[in-house]
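As structure tokens, the structure follows; a few thoughts come after it.
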Amino acid sequence: MTVTGRTRLKMWFVLIAVFVLVVATGAALTGLYRSRASGPEARESAMHERFEKMRRELNLTDEQTTAVRTILDETRNEYRALKTELRPRFEEPRQKARARIRALLNPEQQKKFDAMVAQQDAQHDEDQKPRH
């Protein structure tokens, strides 16, 4: 094989490798986006579907179904309580990071940054509201 042939072959391998990496990255980002974009309704629906699948595949009796549902509800409440307990511990480092970033910005950038942060906080608060 000539030098030109080897060079062409290497170029093809590099192009294929880049293509594969781009496809894999795109797939990963799409999955991340979908998981983040799905709100409380989608999560609730997914939990219901998983429960129904378990109920069907295990062929649970009515009594077992009620008991399992109770266990899962209690566990969900425990997770919510834990989340509520831990949330303040996450707030301090987040606020420190925001302050450090803000200190790097000029006044015009700070206004935009403050608006971005306010929008993120509002969206987060909206996402955390119970939907019943």
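The values are calculated or read from the model by the stated rules, or taken from the named source; none is laboratory data. Source: prediction; values computed, not measured. Backbone-built Cβ (ideal geometry, glycine too); neighbour counts: all protein chains shown. Surface areas here come from the heavy atoms of the whole protein model, side chains and all, with no ligands, DNA or RNA. Shrake-Rupley method; radii C 1.70, N 1.55, O 1.52, S 1.80 Å.
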**OP:** Could you work out the local net charge near GLU57, counting Lys and Arg as +1, Asp and Glu as -1, over the other residues with Cβ closer than 15 Å to its Cβ?
**Re:** +2
Original post:
Which whole-number value in Å² is the accessible area per residue of region 31-124, probe 1.4 Å?
Top reply: 87
Original post:
Quick one: with all protein chains in place, what share of the accessible area of region 1-128 is carbon or sulfur, to the nearest percent (1.4 Å probe)?
Top reply: 61
**OP:** Report ³J(HN,Hα) in whole Hz for each residue of region 11-22, in order, from the Karplus equation J = 6.51 cos²θ - 1.76 cosθ + 1.60 where θ = phi - 60°; Gly and Pro get x.
**Re:** 4, 5, 4, 5, 4, 5, 4, 5, 4, 4, 5, 5
Subject >> Rounded to 10°, Cα long-axis angle of helix 107-128 versus longest principal axis of the chain >> reply: 40
Subject >> Cα-centre dipole for the chain with unit charges at Cβ (Lys and Arg positive, Asp and Glu negative), debye to 20 >> reply: 960
Original post:
For helix 40-58, what angle does its Cα long axis make with the longest principal axis of the chain, in degrees from 0 to 90 and rounded to 10?
Top reply: 70
Original post:
How far is helix 62-104 tilted, in degrees, relative to the longest principal axis of the Cα atoms in the chain, given as a value from 0 to 90 rounded to the nearest 10?
Top reply: 50
**OP:** Using the charge dipole of the chain (Lys, Arg: +1 at Cβ; Asp, Glu: -1 at Cβ; taken about the Cα centre), state which of VAL20, ALA118, THR4 has its Cα farthest towards the positive end.
**Re:** THR4
Subject >> Sorted largest first, extent of the chain alpha carbons per principal axis (Å) >> reply: 76, 54, 22
